[in-house]
Amino acid sequence: SSQGCFDTIVFMLKPIPDPIAFAGNDTSVCKGLGVGLLASGSLSPSASYQWTSIPSGFTSNAQSIIVFPQQNTQYVVAVSNGPNCPSPTTYDTVLVSVFTTPVFSLGPDLSICKGDTICLHVYIPGTFNSWSSNPPGFFSTDTSIYISPNSTTNYYLSVIDSICSSIDDINIVVKSGH
């Protein structure tokens, strides 16, 4: 200063450790749906995250991503402490396994006469069926159902395997006269 005084400033520097990339635990998703992935591993406020995929086709520089793989895909994340904090880049990989959803159709809507009974049947090995209706009141887990609604009713079927599910519906229109 102009009066010849000196001052001292003391900085306490805490070194940021080298990153240890973590892409998350392996996971699974039903085909057509997305899954979120979150990378971690750096304590630096200017950390850098770079995602790529195997098979190739996906890239992102976000820490948190949502992916919609169409097949089993590995996502590789490269983590560094950023441009202002030199450090080695570390890598980690997460596998996203893709499962197909059960495929079925209840067919087109049907018309029946009041008092008639019809059978609806869906069987896919390794799945669980859950039938319901609107108006509510019908529930079954059978592969075949015999129904005789008194009024027009929509029937819903959820077919569930160990990972994925599909749903379809059929409207049964009840006519009052024979």
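The values are calculated or read from the model by the stated rules, or taken from the named source; none is laboratory data. Computed from a prediction, not measured in an experiment: that's the story for all the values here. Cβ atoms come from the backbone with ideal geometry, glycine included; neighbour counts cover every protein chain shown. Accessible surface areas use protein heavy atoms only, side chains included; no ligands, DNA or RNA. Shrake-Rupley method; radii C 1.70, N 1.55, O 1.52, S 1.80 Å.
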(request) Considering every residue within the range 90-106, establish whether at least one is part of a loop (DSSP other than H, G, I, E, B), open to solvent by 40 Å² or more (accessible area, probe 1.4 Å), free of Cβ contacts under 8 Å to residues at least 12 places away in the same chain and out of contact with any His (no Cβ under 8 Å at 6 or more places or on another chain). (result) no
(message) Return the residues of the range 34-52 that are in a strand (DSSP E or B) and more than 7 Å from Asn81 (Cα to Cα); say none if nothing qualifies.
(response) Val35, Gly36, Leu37, Leu38, Ser40, Tyr49, Gln50, Trp51, Thr52
(message) With the structure loaded, tell me whether Ser48 is open to solvent by 40 Å² or more (accessible area, probe 1.4 Å), more than 21 Å from Thr100 (Cβ to Cβ) and modelled with pLDDT under 95 or whether it fails that test.
(response) yes
(message) Please determine whether any residue of the range 85-106 is at pLDDT below 95, out of contact with any strand residue (DSSP E or B) (no Cβ under 8 Å at 6 or more places or on another chain) and over 30 Å from Phe68 (Cβ atoms).
(response) yes
(request) Could you tell me whether the range 13-25 includes any residue that is over 30 Å from Ser133 (Cβ atoms) and either assigned to a strand (DSSP E or B) or of a type in the set (S, T, N, Q) (or both)? (result) yes
(message) So the check is Cβ under 7 Å with 6+ separation or different chains; which pairs have a first residue in the range 1-29 that's on the phi > 0 side of the Ramachandran plot and a second one that's outside any loop (DSSP other than H, G, I, E, B) and surrounded by 10 or more Cβ atoms within 10 Å (Cβ to Cβ)?
(response) Gly24/Leu37; Gly24/Leu38; Gly24/Val94
(message) For a quick check of your reading: which strands (runs of 3 or more DSSP E) sit entirely within the range 113-167 and have at least 1 residues that are touching a Ser or Thr at 6+ places or on another chain (Cβ under 8 Å) and surrounded by fewer than 14 Cβ atoms within 10 Å (Cβ to Cβ)?
(response) 118-121, 128-134, 144-147
